[in-house]
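So the structure is just underneath, and the comments pick up after that.
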Amino acid sequence: MKFKFFIPILFLFVVLSSCKTQQSTVATPASTDVTQIQGGMWIPSELKGKNEAEIKMLGGNLTAEAIYNTEKPSIKDAIVHFDGGCTAEIISDKGLILTNHHCGYDAIQQHSSVAHDYLTDGFWSENLNAELPNPGMTASLIVSMDNVTDKVFANTKNLQGEELNNAIKSNIENLKKETKIEPWQEIQIKPFSNGNEYYLIVSEVFKDIRLVGAPPSSIGKFGADTDNWMWPRHSGDFSLFRIYADADNRPATYNENNVPYKPKHFLPIKTSGVETGDFTMVFGFPGRTDEYLPAIAIDKIVNKLNPDKIKLREASLVIMDKYMRKDPKIKIQYSSKYASIANYWKKWIGETQGLTKTNAVAKKKVLETDFQKMVNEKNLTQYQNILSDFEKLYPELTDKTQARDYFIEIFLRNVDALTLAFQLYQLQRVNDNQGVAAFQKEKDQLMDNIKTFYKDFNKDVDEELFAQLMYLYDAKYARTKLSDEGRKIQWQNIAKELYANSKILTYEGLNGILNGNNKSPLADLNKDPLLAFANEYIKKFYDELNPKYLEVKSQTDELQKNYIKGLKEVFPNMRYFPDANSTLRVTYGQVKGYEPRDGMRYEPNTHLEGVMEKYIPGDYEFDVSERLIDLYKTKDFGTYAENGKLPVNFVGTNHTTGGNSGSPVLDADGNLIGLNFDRVWEGTMSDYFYDANICRNVMVDARYVLFVIDKYAGAQRLIDEMKLVN
Ligand code: ARG
Ligand code: ASP
């Protein structure tokens, strides 16, 4: 849908077909069709002009300088890349940060045991001293972000292939060396737009991040997997951490004497609420989108790639669920793994449906026809064969991608013993390639980290996962010629045998091999039956699967880069943004409901009433704690309710993706009004095809966050350090 304003034919078609929902649900500023300026993940250092004007049209008062400034404090100084995968924001002058419950989930789980079950009961630190350190966790702030495309491409005009790549590499190295940064800062030069552009990003990476507070999962994960990716939603998906710095307010690793970080800017929190049509801006670190793929790529995702990935994950979820329901210990051990496997399983299902329903393939084809026509007319020979080359390459790329998907899902995602085998395989390679000293160092580190692995490992669960997934792998690629039933039984027997005889399935066992007094731990590793089994597959992955995939992938990447360049050249008025790549971005839209199906309309806000409507006593997804029920019954909502109702979640048209979780939602003046945590199912295809009619992001209302901290947890000390505005 994002192309609709630059391609006349498509423009008419789309705008006509979208007007109906548009007019009926939204009060727009002036008479502009604001769906036209929604979607897009923009670069914060380049908002001046066009984006600034769009922000204004949507009702925002923020200038480009207020959002991003390297001379003065600006909103960007409050935006945190949380532990590499999520976003968080600073909400006090003592480095207090707000992110999602599901982003802090691993940390909360790591501090939990059956005796102190913070996942179930929540956690609220009494004071600074009681905040819990999280070794390895990071929180990064962006100092600056500059377009260095010209410098990266300097003197490369007549180069191609390997030569071009090497010249780019060396330009990047030189640029890194030339750029002056402070000793505590880090520098990154990243490709954007599939390598058509480059940005130099300076950041400060804080390494002492402590857990401050988390609601019980019955609030933070209310609705769990049933409600995940859905609307209407009723989840208090938030948790609180704090950035600690050294005495000079600079990044440092954990030290008892570190102090709360003093930020350049923190976000005030608005308590007067949101309504339909209000301006919203989401500021964060979206991970990955592929908005400019050709139609054939989308077709393959819908019809080939997603279905098999969904099938594999489904198999593993059924098994985990069976054990988790029986045993409370397994439930804690596997809850994080289950949630993360279920998450994309469900997303892929919604994505497949959304791409189908919105006719993404057909719409992309219309664009491609237009593109080819213009290319031919203007005789732009460099773009002449892009589309036909895509058609030639994609069938092959899809096969290779699928084979790789199977390996990754089984060896790196779903079967823990195989993931461990993969790590041990790497360890052996360190020995082969870097020598004994490096091996010793890696080995010690691995043994250190591996404790948490065993804490959450159950042999029976894993054995069944192994048997079932290897059976599916085998069935797909038919390594053995057996009946389906025979194949199933064969893998159960193999699993039984391997899991009974392997030594790596306990910490003591692995430690015995690696640190026992035998002289050749590597030889012993190789003798382990499970490793011997896994190594064959891993070796095949490295020797065959992956190189073959990369070979085709590099060709399609090159085409894609050229295609994007061509699109921009052929349609110069196209509203174009570079795909998400885990860098800081701004996206804006409005609070707005939607029509998921004919005859149905979703309101944009939910309330505590809805939590009570969904309440199922004792259920692992929909239970509600007594305390919340009491507060509900007595309507003890503090100052956070509106017309006697406590707001919980809301949706808007902000274009977000994975990584945007925990991102602040800002109002027209830059105050925090919500916390992004999800998208609606009908619109998860927005990673490939954003459609303002149906794509919505889901946010926790800031007032629900405040209510839970203040009234539910009684953590007044945290409210006191925030700045609330009306
Ligand atoms: N779907 C959201 C995202 O992709 C939230 C996931 C966390 N919640 C859950 N129930 N698994 O990350
Ligand atoms: N839930 C996602 C995240 O964790 C956000 C999304 O995909 O919309 O980043």
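The values are calculated or read from the model by the stated rules, or taken from the named source; none is laboratory data. Computed from a predicted structure; not experimentally measured. Cβ sites come from the backbone with ideal geometry, for glycine too, and all protein chains shown count toward neighbours.
So the values come out like this:
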quantity: Pairs where the first residue, in region 497-510, is under 8 Å from L530 (Cβ atoms) and in contact (Cβ under 8 Å) with a residue 12 or more places away in the chain and the second is aromatic (F, W, Y) and surrounded by 15 or more Cβ atoms within 10 Å (Cβ to Cβ), C-beta under 8 Å, 6+ apart; calculated: L498/F466; L498/F533; Y499/F466; L505/F457; L505/Y499
quantity: First in region 99-111 and farther than 17 Å from A342 by Cα and assigned to a strand (DSSP E or B), second anywhere and at pLDDT 95 or above and more than 12 Å from ligand 2 (Cβ to nearest atom), Cβ under 9 Å, 6 or more apart; calculated: T99/V80; T99/E89; T99/F238; T99/S239; T99/L240; T99/F241
quantity: Complete set of residues in region 92-121 that are surrounded by 22 or more Cβ atoms within 10 Å (Cβ to Cβ), in contact with a helix residue (DSSP H, G or I) (Cβ under 8 Å, 6 or more places away or on another chain) and of a type in the set (A, V, I, L, M, F, W, C); calculated: L96, L98, I108, L119
quantity: Selected residue (criterion: farthest from R703 (Cα to Cα)) from residues of region 89-122 that are touching a Gly at 6+ places or on another chain (Cβ under 6 Å) and not polar (S, T, N, Q); calculated: C103
quantity: Residue check for S125: closer than 18 Å to V705 by Cα, among the polar types (S, T, N, Q), in contact (Cβ under 8 Å) with a residue 40 or more places away in the chain and more than 16 Å from ligand 1 (Cβ to nearest atom); calculated: yes
quantity: From N61, N51, residue being more than 16 Å from ligand 2 (Cβ to nearest atom), polar (S, T, N, Q), at pLDDT 95 or above and in a loop (DSSP other than H, G, I, E, B); calculated: N61
quantity: Residue that is surrounded by 15 or more Cβ atoms within 10 Å (Cβ to Cβ) and outside any helix (DSSP H, G or I), where the choices are K553, K503; calculated: K503
quantity: Options L397, L412; residue that is touching a Ser or Thr at 6+ places or on another chain (Cβ under 8 Å), closer than 30 Å to K337 by Cα and free of Cβ contacts under 8 Å to residues at least 60 places away in the same chain; calculated: L412
quantity: Test: residue in region 343-350 that is closer than 22 Å to F689 by Cβ, within 16 Å of ligand 1 (Cβ to nearest atom), of a type in the set (S, T, N, Q) and crowded, with 17+ Cβ neighbours inside 10 Å; calculated: yes
quantity: Condition met for M281 (within 16 Å of ligand 1 (Cβ to nearest atom) and crowded, with 18+ Cβ neighbours inside 10 Å); calculated: no
quantity: Count of region 658-712 residues which are within 25 Å of M57 (Cβ to Cβ), surrounded by 24 or more Cβ atoms within 10 Å (Cβ to Cβ), of a type in the set (V, I, T) and within 12 Å of ligand 2 (Cβ to nearest atom); calculated: 1
quantity: Flag if E186 is free of Cβ contacts under 8 Å to residues at least 60 places away in the same chain, under 23 Å from A88 (Cβ atoms) and not polar (S, T, N, Q); calculated: yes
quantity: Meets criteria (under 30 Å from N61 (Cα atoms), modelled with pLDDT of 95 or more and within 21 Å of the chain's Cα centre (by Cα)) for I201; calculated: yes
quantity: Options Y334, Y292; residue that is over 30 Å from Y588 (Cβ atoms), surrounded by 20 or more Cβ atoms within 10 Å (Cβ to Cβ), away from ligand 2 (no atom under 16 Å from the Cβ) and of a type in the set (F, W, Y); calculated: Y334
quantity: Region 187-241 - residue that is crowded, with 22+ Cβ neighbours inside 10 Å and of a type in the set (S, T, Y) and, of those, farthest from ligand 1 (Cβ to nearest atom); calculated: Y198
quantity: Contacts under 6 angstrom Cβ, first residue in region 72-90 being closer than 16 Å to G670 by Cα and within 16 Å of ligand 1 (Cβ to nearest atom), partner of a type in the set (A, V, I, L, M) and modelled with pLDDT of 95 or more, 6 or more apart; calculated: A88/V80; A88/I97
quantity: Any chance Y632 is more than 30 Å from A66 (Cβ to Cβ), aromatic (F, W, Y) and surrounded by fewer than 24 Cβ atoms within 10 Å (Cβ to Cβ); calculated: yes
quantity: Given (1) under 20 Å from the mean Cα position of the chain (by Cα); (2) hydrophobic (A, V, I, L, M, F, W, C); (3) more than 30 Å from G589 (Cβ to Cβ), index of the condition W231 fails; calculated: (3)
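To keep it simple, each residue is scored yes or no on (1) under 26 Å from T657 (Cα atoms); (2) outside any helix (DSSP H, G or I); (3) of a type in the set (F, W, Y).
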residue	(1), (2), (3)
T289	yes, yes, no
K329	no, no, no
Y334	yes, no, yes
W348	yes, no, yes
K363	yes, no, no
Q382	no, no, no
L387	no, no, no
